[in-house]
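For reference, the structure is listed below as structure tokens.
The values are calculated or read from the model by the stated rules, or taken from the named source; none is laboratory data. Owing to the predicted nature of the structure, the values given are computational and were not obtained by experimental measurement. As a convention, Cβ positions derive from the backbone with ideal geometry for all residues, glycine included, and neighbour counts pool all protein chains shown.
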Amino acid sequence: MKSEKLLTRRQFLATTALATAAMTVGPYVETSYSAGKLSVGLWDHWVPGANKVSRKIIEDWAKANHIDITIDYITSMGGKQLVTIAAEARAKTGHDVMDFPTVQTALHRDSLEPMDDVVNEVISQYGPLSPDAEYLGKIEGTWYSAPGPIGSHTYPMVSRLDLWKKYAGIDLKKIFPASPDRDPELVKSWNYDNFLEACKKLHKAGYPFGNPIGATSDSQDWLGPLFMSFGSMFVNEKGEITVDSDATRQALEYMKKLTQYMPPEVYAWDDASNNRWIISGRGSAIQNPPSAWAVAVRDKPDIAKQIWHHDTPAGPKGRFRGSLPRMMGVWNFSKNKTAGKDLILHLLQKEQQYKLIAASKGYDVPLIKAFTAHPVWEEASPPLGTLYNYPVRGDEFQMMCGYPAPITIAAQIYSQATIPNTVAKVTQEGASIDEAIKWAVNELEGYMRG
């Protein structure tokens, strides 16, 4: 029998409630028609239990729409998700719907289906998106991916309240309370100069600050903002190479000092290493979303009750926080594009988004601004209020590494780990600052030629 067509996205939104109600009245009876098959590749969430919730939401949607669904959770460990995305784009086969971290939309836009209809529908329903979403998903006027419903996050400081108070004499909870009532002078004192002095004390006490410096996303999501706080950008918004600057020299001089008080193995760390560092009890601070805290709640509750998420230090040119937005798109070689778009739109509805945010224990910071009103960040504990400052509450500018370069260039800066590699040349390999900058210029010129 000839298959019936899927509902349009607008029809789908109008009838979802009725379909759900009908399913609760009696048992599901499979009919003679099918809306086909759909395969989905999602990021394997760090937070325990989050995958289970997203799977149920997707499977319930598939059942209601007579779709044979396959869901694969793909780890970011070892770059497996990036390898999978690249392999599918090259082979022109694989999943229909795929999660795309950071710059992957720009790298693979020629293989992606335009998503203007989905994104415009979301904006008409819920209002503006985070600037990160447009920077990553909208290329030359066309949306090639929609805001990711799962896994977008930011990189605040994640600090041990007890260690900072005991060994550095700094009450982080007083500077960044779980309320809007901040003391501006205390916040102003949280800068990179004072941070360095505190790290010296914590290192001496045996509890260093630790973050990776390598070809990992976590490396870039703290180093890119740190360089911006000194006014250093490797490529400006016009596409001009601007790394050879006094600001870059200041940032590299700072990193030469800071790395003296960090674990020497940070150059070999992956994206999970700083999580393990603070959970182990040996670390005083990292920069990370609340995945480390969530695991500590489960495995090391005495440590979890001392963990506080808060703003990054300020540099001479401001306070910047890294972000890792996740977008979602449909391959243009998919055989079920309509179903893929409908699924993405379903996941971006408030009902589903609130369930997913709760399942992530507040790890996910949605790219739809209206959904940051979710109460999870105020209610999370222990300690009560630890996630209040996880969504940006103060003067931080949220950005991804490579900004403000045109996204096609930023994609290369990010994917080639240009900023962490420049840092490592100075702090690990012993190159001079001028030698490292010259290397970075050559790398950037190569990206431009490519």
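Data overview
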read-out: Count of region 391-450 residues which are in contact with a strand residue (DSSP E or B) (Cβ under 7 Å, 6 or more places away or on another chain), part of a loop (DSSP other than H, G, I, E, B) and more than 30 Å from P177 (Cβ to Cβ); value: 1
read-out: Sole residue being more than 27 Å from W61 (Cβ to Cβ), assigned by TED's automatic domain parsing to the domain that holds L252, surrounded by fewer than 19 Cβ atoms within 10 Å (Cβ to Cβ) and in contact (Cβ under 8 Å) with a residue 60 or more places away in the chain, chosen from T408, T427, T386, T422; value: T408
read-out: All helices (runs of 4 or more DSSP H) inside region 295-389 with 2 or more residues being β-branched (V, I, T); value: 337-347
read-out: Hits in region 159-193 (condition: under 25 Å from S291 (Cβ atoms) and either under 15 Å from the mean Cα position of the chain (by Cα) or among the basic types (K, R) (or both)); value: R160, K165, K173
read-out: Wholly within region 39-147, helices (runs of 4 or more DSSP H) carrying at least 3 residues that are not aliphatic (A, V, I, L, M); value: 50-64, 80-91, 116-126, 131-137
read-out: Residue match in region 65-82 (condition: at pLDDT below 95, farther than 30 Å from A417 by Cα and among the acidic types (D, E)); value: no
read-out: Residue match in region 329-338 (condition: among the charged types (D, E, K, R), surrounded by 24 or more Cβ atoms within 10 Å (Cβ to Cβ) and in the same structural domain as H45 (by TED's automatic domain parsing)); value: no
read-out: Residue pairs meeting the criteria (Cβ under 7 Å; at least 6 apart or on separate chains; first surrounded by fewer than 16 Cβ atoms within 10 Å (Cβ to Cβ), in region 128-144; second at pLDDT 95 or above); value: T142/P114; T142/D116
read-out: Residue match in region 207-219 (condition: farther than 25 Å from P101 by Cβ, touching a residue at least 40 places away in the same chain (Cβ under 8 Å) and among the polar types (S, T, N, Q)); value: no
read-out: Residue in region 182-191 that is in a loop (DSSP other than H, G, I, E, B), touching a strand residue (DSSP E or B) at 6+ places or on another chain (Cβ under 9 Å) and under 21 Å from G315 (Cβ atoms) present; value: yes
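Results for (1) under 26 Å from the mean Cα position of the chain (by Cα); (2) closer than 23 Å to E113 by Cα, shown as yes or no for each residue.
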site: L38; (1), (2): yes, yes
site: H45; (1), (2): yes, no
site: N51; (1), (2): yes, no
site: N65; (1), (2): no, yes
site: D68; (1), (2): no, yes
site: I71; (1), (2): yes, yes
site: T75; (1), (2): yes, no
site: R90; (1), (2): yes, yes
site: G94; (1), (2): yes, yes
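Here is a yes/no grid of residues against (1) at pLDDT below 95; (2) crowded, with 20+ Cβ neighbours inside 10 Å; (3) in contact with a strand residue (DSSP E or B) (Cβ under 9 Å, 6 or more places away or on another chain); (4) outside any helix (DSSP H, G or I):
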position: F195; (1), (2), (3), (4): no, yes, yes, no
position: N211; (1), (2), (3), (4): no, yes, yes, yes
position: P225; (1), (2), (3), (4): no, yes, yes, no
position: M233; (1), (2), (3), (4): no, yes, no, yes
position: A251; (1), (2), (3), (4): no, yes, yes, no
position: D270; (1), (2), (3), (4): yes, no, no, yes
position: P289; (1), (2), (3), (4): yes, yes, yes, yes
position: W293; (1), (2), (3), (4): yes, yes, yes, no
